[in-house]
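Novice: So that we are looking at the same thing, I have put the structure below in structure tokens.
The values are calculated or read from the model by the stated rules, or taken from the named source; none is laboratory data. No experiment lies behind these values; they were computed from the predicted model shown. Cβ atoms come from the backbone with ideal geometry, glycine included; neighbour counts cover every protein chain shown. All accessible areas refer to the heavy atoms of the entire protein, side chains included, with ligands and DNA or RNA removed. Shrake-Rupley method; radii C 1.70, N 1.55, O 1.52, S 1.80 Å.
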Amino acid sequence: MERSGQSGRDQLAGQLRTTIVPTIGSHMLDIAGILLSRATEVEYACAMQACLPRIDEELGVHDALARTVPPSYDEYRHFFNRVLTPGIPGSLPPVESLFEDWGGHRAGLQHGQGFYLGRSAQHVQEVCDSLEIEVPEAYKAVPDHLLLLLELNEFLCDHAPADQAHLFAEEHFGWLSDYLDALGARMENEDDEALASAASFYCNFVDLVRRVVLDEWGENDVREVAQSA
Amino acid sequence: MSRQMTRRGFLRTGAASAVLASAGAIGMTGCGAQREELTGEAKRTATLCNGCSNECGLWVNTVGGKVHTLEGNPDNPKSGGRMCGRGHGFAQMTYSADRLTQPMKRMENGDFEPISWDDAYKEIGEKLTSILAEYGPEAFAFIRDPRPNINFYGPRFAAALGSANIYTHAAACNLSLQSAYRHTIGGGFSADLANAKMVMFIGRSYADGITPADMKLFANVAVEGDCKIVIVDPRYNNSAHMADQWVPIVPGTDLALLLAMSHVLIEEELYDAKFVKEHVLGFYAFKKEVESFTPEWASEICGVDAEVIATLAREMAEAAPAAVVEPSWRAAFGCAHANSFMTGRAVAAFNALLGNYGQEGGALITSSPSIGALPADKFPTPPAAQHVRVGNEEFPLAVQGFGTNLAVLKAALDGTMKAVFFYQSNAAKGYANPAVWEEGLSKVDLVVSIDVQMSETAMLADYVLPECSYLERLEAVYTLGGKKHMVAIRDKAIDVVHPETRPADQIFRELSAACGVGEYFDFTAEELVEAQLATLGLTIDELREKGIVELPTSDFEYGKVPQFNTPSGKVELFSVTIGRAGLSPVITWEDRKVHPEEGEFYFVGGKQSIQSHTMTTSIESLMDISKTYDLERLWMNASDAARLGIAEGETVEMSSSEYTDTIAVHVTERLMPGVSMLPRTTAVRRPTFRRATVLAYARPTSFPSTWSREWGRP
């Protein structure tokens with residue numbers, strides 16, 4: 001798509017970028033912190049109360065997330081236990097390495113997907129090391145967990161040269177499409193309504209994150225992107 | 001929003017902005033091609049494979065602290081410098097998405113939620129000590145997959161708590177067979193394939209349950225040697241391709257074949273009379289018993305032509321003592337049938353008639369090296385339990401080292417077993433009758449599972465304690481018996497991947513402390529290994545350098561009849577011990593428990609060389625092999641398929657007393673008519689397991705399963 005010129009669409013996209021691109025914004029990061037880690041009931045309630053209106057205000061009818069009823073804390077906890085907790089059969093923790101080829105053909109034993117500490121994890125760790133950013137011990141095996149990717153992305157957007165920040169985003173958020181597909185397949189025949197409800201909210205959030213971080217707003221008509229979600 | 005209410009700040013970015021400001025840029029181009037290869041320091045570590053119970057010796061090559069490749073240790077007699085595909089595939093478990101990464105506790109709604117190690121230990125310790133106080137140590141049982149490391153820690157843990165209830169998975173594997181050998185010749189034996197002139201394999205296939213060195217030997221002997229190899233199996237298994245003769249047989253009737261071959265040896269006076277006179281007890285009772293078990297009689301039962309039976313017996317006699325019926329493992333008579341125990345006795349008896357024990361090319365009974373007594377101050381021995389192990393009275397013939405885990409299930413069902421711990425053993429899917437195990441465990445107050453992945457048993461547990469993978473831990477030393485004595489090491493090749501997983505030695509040290517018996521585990525794995533090796537005159541550094549070291553303790557020599565560890569010191573074809581347990585004291589005919597009704601099929605399982613029960617079905621690359629080569633189909637003989645109008649690949653419904661499902665059919669001449677076969681990784685759906693999403697695992701021979709198997713039926 002031609003990016004030059006200042007059409008009304010570009011102006012709108014630029015406006016959105018000003019507010020939420022390239023970082024996803026502090027309110028969404030707060031929500032990410034709640035949805036991607038094991039939050040307490042109070043944390044969950046506070047985040048939903050404080051952040052959802054902001055997202056609604058900024059994205060409004062453009063995004064499916066704003067049209068999805070947030071799950072209750074118990075529903076989301078149930079979803080987190082069943083779908084996001086590592087080791088539980090059928091779970092899909094949001095870790096980039098698990099959805100990317102572990103290594104090239106000379107990387108040794110691990111071929112294909114479904115392994116921790118792949119190339120993406122190695123790269124994130126290297127970036128963190130170079131910046132003297134400490135990855136928490138609990139995330140030692142998953143430096144490319146979506147939560148850390150979002151935080152690192154925000155940091156880079158705030159402090160690093162724009163081209164490098166964009167490169168990081170391009171390299172480390174492309175997997176979210178596959179991740180959403182896997183979530184869709186996982187939930188396809190799920191007859192647990194609470195699980196399905198929470199999954200819907202979670203998927204819409206992840207998809208919103210994906211589109212914002214990958215700057216799809218600038219590549220497409222905002223309304224088309226939002227309405228296709 | 002207050003800062004406390006957010007969940008941000010997972011990354012500590014402290015000085016990062018300053019670093020960035022001074023550097024101006026960061027290395028952001030490394031996510032793709034330049035990291036095709038691992039980088040960093042290369043290292044080689046000795047370990048033992050954990051893809052099955054063979055524990056082949058390996059070298060693990062790591063680069064930059066990550067596993068890169070594995071290769072067989074040439075000095076290890078099991079690997080012989082090679083690895084099987086299963087071993088390569090299973091190593092992927094270390095980085096697998098299916099690994100448990102943190103301790104878990106089952107909530108009231110059935111969900112699992114993380115729990116800290118401290119809290120898990122505290123809650124388990126409180127519950128277990130409360131159960132022990134109220135119901136006594138006999139209300140606690142520990143079931144394990146019996147590998148050397150847990151063979152040290154498991155029984156010690158149970159004993160420290162005063163319980164004698166320590167068991168293995170063997171009642172779902174080869175307990176009938178092993179118990180039969182225990183009470184007939186004093187223990188297990190091996191076939192001297194390298195020097196034999198004729199070997200009969202009953203239900204065992206080296207090409208399907210691969211140990212690399214054995215497979216290589218088998219291939220060499222079969223293809224280039226002058227040894228006649230006979231495969232007795234309802235299916236033409238993958239070893240049969242290299243064998244001289246395939247003898248298809250009705251499942252569960254191997255006993256008839258063996259009794260008839262014994263009949264031929266005795267009637268035609270082809271047996272080793274000298275050996276029998278000097279080393280056999282009960283020959284005349286056995287001779288009397290098999291008088292009527294003619295080849296014609298057996299043929300009616302087992303479907304093998306009478307002349308073939310007689311010929312096989314004569315050929316074995318002619319090749320004796322360099323002829324042997326191989327001991328087998330699980331498939332044919334490990335525990336599958338009501339007559340499995342008697343079949344094992346008949347194998348041992350037939351070999352005795354051949355006079356092949358201790359002879360070149362015969363049946364070898366060898367010893368294993370023993371670890372000496374450890375320093376009592378550092379490794380105090382828990383006092384012996386003051387109660388009889390649950391099941392010992394009801395199943396008195398079971399090999400003591402194995403125990404009968406079904407006794408635990410019975411006690412769980414009747415409410416007397418209050419706490420059950422599992423170590424890497426999947427009773428709820430890998431043993432017989434999964435639904436009954438699920439029911440039994442639901443009645444137990446405290447179920448704890450220590451595992452690397454979330455097995456179906458772990459899913460039924462109250463607490464799941466995640467162990468790190470075998471590549472991340474140092475274990476108690478492994479001793480290997482046989483013609484040579486050896487000791488091997490499973491060393492830690494890489495740092496723990498998931499920080500909240502722990503090795504068994506640490507788990508038992510901490511768990512025992514929480515249970516008030518920490519004094520029996522106040523040592524590290526390294527201290528244990530060093531102490532064990534000291535009793536053998538070795539150091540851990542020596543073992544780490546070579547991976548395996550030969551010991552000078554074997555007294556094996558060909559031609560020397562071994563000591564039979566039976567009450568009489570002889571091969572017991574008539575056993576007072578067995579008679580007192582309520583079974584026939586003399587080896588005789590027993591039928592399998594059920595036969596197919598009109599329109600039904602016999603149902604057998606077959607091993608896949610790339611799978612080890614439920615343990616490997618989460619490995620995508622291994623499951624891909626099973627799927628790519630259509631190893632998940634139900635085998636059916638072509639004549640049966642034609643009669644039923646079933647074509648290759650067609651989907652059929654199969655049903656048993658336990659389970660009904662649909663499955664694709666493989667029409668083949670490689671299976672005798674009237675029999676159906678499923679690979680053992682097939683049959684029960686595991687829909688929530690990301691790898692084995694279509695078909696996974698069950699024990700085909702669990703249909704039917706009863707309490708009255710031969711592990712010591714009273």
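Novice: Set the Förster distance to 41 Å, then compute FRET efficiency between B:Ser584 and B:Tyr659 from the Cβ-Cβ distance, nearest 0.05.
Specialist: 0.80
Novice: I'd like the FRET efficiency for B:Thr535 and B:Lys484, computed as 1/(1 + (r/R0)^6) with the beta carbon distance as r and R0 of 22 Å, rounded to 0.05.
Specialist: The computed FRET efficiency comes out at 0.75.
Novice: Rolling a 1.4 Å sphere over the protein heavy atoms, what is the accessible area per residue of chain B, to the nearest Å²?
Specialist: 37
Novice: Once you list every other residue whose beta carbon is under 15 Å from the beta carbon of B:Arg82, what net charge do they have if Lys and Arg are +1 and Asp and Glu are -1?
Specialist: Overall, the nearby charge balance is -1.
Novice: Just subtract the alpha-carbon distance of B:Ser639 and B:Val561 from 0.36 nm times their residue separation and send over the number in nm, one decimal.
Specialist: Details: separation 78, 0.36 × 78 = 28.08 nm, distance 4.79 nm.
Result for the pair: 23.3 nm of gain on full extension.
Novice: Among the lysines, select those whose C-alpha is under 26 Å from the C-alpha of B:Lys570, and discard any that sit fewer than 8 residues away in the same chain.
Specialist: Reachable lysines: B:Lys197, B:Lys274, B:Lys277, B:Lys287, B:Lys288, B:Lys483, B:Lys484, B:Lys560.
Novice: Also, quick follow-up: Stretched out fully, how many nm does the piece from B:Thr668 to B:Ser568 gain, at 0.36 nm a residue minus the Cα gap?
Specialist: 31.2 nm
Novice: May I pose another question? Set the Förster radius R0 to 25 Å, insert the Cβ-Cβ distance between B:Ser17 and A:Arg38 as r into 1/(1 + (r/R0)^6), and round the FRET efficiency to 0.05.
Specialist: 0.30
Novice: Right, another one. Interface B/A, total buried accessible area with a 1.4 Å probe, nearest 100 Å²?
Specialist: That pair of chains buries around 6000 Å² in total.
Novice: Moving to a separate point now. Averaged over peptide A:28-35, how many Cβ atoms belonging to another chain are found within 10 Å of each residue's Cβ? Write down the numbers at each step before the final one.
Specialist: Numbers: counts 0, 4, 5, 2, 3, 6, 4, 1.
The shielding value for this peptide is 3.
Novice: May I ask you to order B:599-612, B:40-53, B:370-383 by the average number of other C-beta atoms within 10 Å around their residues, highest value first?
Specialist: Going from most to least packed, we get B:599-612, B:40-53, B:370-383.
Novice: For the protein assembly as shown, what is the charge dipole size about the Cα centre, in debye to the nearest 20, if Lys and Arg each add +1 at the Cβ and Asp and Glu each add -1 at the Cβ?
Specialist: I would put it at about 1940 debye.
Novice: Indicate the gyration tensor shape class of the stretch B:67-179 (rounded, prolate or oblate), computed on the Cα atoms with a ≥ b ≥ c the square roots of the eigenvalues: a/c under 1.5 is rounded; otherwise a/b larger than b/c is prolate and the rest oblate.
Specialist: Oblate, since a/c reaches 1.5 and b/c is not below a/b.
Novice: Could I ask something else about it? May I ask you to list the lysines whose Cα is less than 29 Å away from that of B:Lys127, ignoring any residue fewer than eight positions away on the same chain?
Specialist: B:Lys105, B:Lys378, B:Lys410, B:Lys418, B:Lys429, B:Lys443
Novice: Within 10 Å, count the other beta carbons around each residue, average over each peptide in B:553-564, A:71-82, and list them highest first.
Specialist: My ranking of the peptides, most packed first, is A:71-82, B:553-564.
Novice: Shielding by partners for A:130-141, please: the mean number of other protein chain Cβ atoms within 10 Å of each residue's Cβ.
Specialist: On the way: counts 8, 11, 8, 9, 6, 3, 5, 2, 6, 3, 6, 9.
Other-chain Cβ atoms within 10 Å of each residue's Cβ, averaged: 6.
Novice: Let me ask something else. Charges on Cβ only, +1 for Lys and Arg, -1 for Asp and Glu, centred on the Cα centroid of chain B; of B:Ala363, B:Val571, B:Ser79, which one is farthest towards the dipole's positive end?
Specialist: So the residue furthest toward the plus end is B:Ser79.
Novice: If I model a spin label as a point 7 Å beyond the Cα along the Cα-Cβ vector, how far apart are those points for A:Asp129 and B:Ser367 in nm?
Specialist: Inter-label distance under the simple model: 5.2 nm.
Novice: How much length is gained if the chain between B:Ala513 and B:Glu360 is pulled fully straight, taking 0.36 nm per residue apart and subtracting their Cα-Cα distance, in nm to one decimal?
Specialist: In short, 50.0 nm is gained.
Novice: Take every residue in peptide A:91-98, count the Cβ atoms of other chains within 10 Å of its Cβ, and give the average of those counts.
Specialist: For this peptide, the per-residue mean of nearby foreign Cβ atoms is 2.
Novice: What is the local net charge at B:Lys418, summed over the other residues whose Cβ is closer than 13 Å to its Cβ (Lys, Arg +1; Asp, Glu -1)? Mind dumping the intermediate values first?
Specialist: On the way: positive: B:Lys127, B:Lys443; negative: B:Glu134, B:Glu138, B:Asp414, B:Asp445, B:Asp462.
Net charge around B:Lys418: -3.
Novice: If you roll a 1.4 Å probe over the protein assembly as shown with all protein chains in place, what percent of the accessible area is carbon or sulfur? Don't skip to the end; give the middle numbers.
Specialist: Numbers: 16980 of 34980 Å².
With neighbouring chains kept in place, the figure for the protein assembly as shown is 49 percent.
Novice: Can you give me the distance in nm between label points at B:Tyr135 and B:Glu550, each placed 7 Å from the Cα along the Cα-to-Cβ direction?
Specialist: It works out to 5.1 nm between the two label points.
Novice: To continue, here is another question. Which residue, chosen from B:Thr614, B:Gly547, B:Met636, occupies the Cα position most advanced towards the positive end of the dipole of the stretch B:543-653, where the dipole is computed from +1 (Lys, Arg) and -1 (Asp, Glu) charges on Cβ about the Cα centre?
Specialist: Ranked along the dipole, the leading option is B:Gly547.
Novice: For the ranges B:448-460, B:110-122, B:58-70, what's the packing order if you count other beta-carbon atoms within 10 Å of each residue, average per peptide, and put the highest first?
Specialist: B:448-460, B:58-70, B:110-122
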